[in-house]
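Report on the structure given below.
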Amino acid sequence: MATPSKVYSSCSLLMGILFAYSTALQFNDPDWFLWVPLYGCACAVNLLKWDVFLEAMNQVGKATMGLGICMWMKVVAEDYMNGIAGFLSLDLSERVVREKTGSGLVVCSMILHLIAASSSSSPKIHRTSKSKREFPRYLTYGMAWLVAFSYGLPIFFFLVQKGKMKF
């Protein structure tokens, strides 16, 4: 079985921390009962070892991805119907943009983890040694880009642009 790289594991830890923080912030939301399970399950999938709970994490990952897609579509429809921010907006002062971004991050994270789980059952063989199996680099790079975006966007918006949140 292919062992995830240290970068991938570190990025999973950072995403798990971000989703745990997001879970804690949802309890004052009117629809917290939708967002807490979404972020809580995403946190669990990012923090737990896949090789120990592979089948259970696959099921949780698939369910979380499905819920994330539904939540993303709900927020995009709400934004479109009310004309709040626009589809491509990254203005984090708007609630719908924060929710759209958060659900999108969950979906992207679940996709990367589900691909990693499926690739660990049939990994590529390392070219120099037939006994050592290689973890796909695109998964490591994808998770690194996801962490860079998810931590970089709020830092840029709130610290550099000094944006204010609207509730």
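The values are calculated or read from the model by the stated rules, or taken from the named source; none is laboratory data. Everything numeric here is computed off the predicted structure, so don't read it as measured data. Quick reminder, even Gly has a Cβ in these numbers, built from the backbone with ideal geometry, and neighbours come from all protein chains shown. Surface accessibility is based on the protein's heavy atoms, side chains included, excluding ligands, DNA and RNA. Shrake-Rupley method; radii C 1.70, N 1.55, O 1.52, S 1.80 Å.
Scanning region 22-75 for residues that are aromatic (Phe, Trp, Tyr), in a loop (DSSP other than H, G, I, E, B) and over 16 Å from the mean Cα position of the chain (by Cα) gives a single hit, PHE53. Of the residues that sit in region 1-15 and are in a loop (DSSP other than H, G, I, E, B) and of a type in the set (A, V, I, L, M), which one is surrounded by the fewest Cβ atoms within 10 Å (Cβ to Cβ)? It comes out as MET1. For region 1-21, taking the residues that are of a type outside the set (A, V, I, L, M, F, W, C) and at pLDDT below 90, the one that is farthest from the chain's Cα centre (by Cα) is identified as THR3.
Among residues of region 134-154 that are within 14 Å of VAL106 (Cα to Cα), those with a Cβ under 6 angstrom from a residue that is open to solvent by less than 50 Å² (accessible area, probe 1.4 Å), sequence gap 6+ or separate chain, pair up as GLY142/LEU112; MET143/TYR8; MET143/CYS11; MET143/LEU112; VAL147/CYS11; SER150/LEU18; SER150/LEU105. Taking region 33-91 as the range and being among the polar types (S, T, N, Q), at pLDDT below 95 and closer than 15 Å to LEU105 by Cβ as the test, only ASN46 passes. Return yes or no: is LYS100 among the basic types (Lys, Arg) and farther than 21 Å from GLY152 by Cα? No. Every listed requirement among (1) at pLDDT below 95; (2) open to solvent by 60 Å² or more (accessible area, probe 1.4 Å); (3) of a type in the set (Gly, Ala, Ser) is met by SER129 save one, (2).
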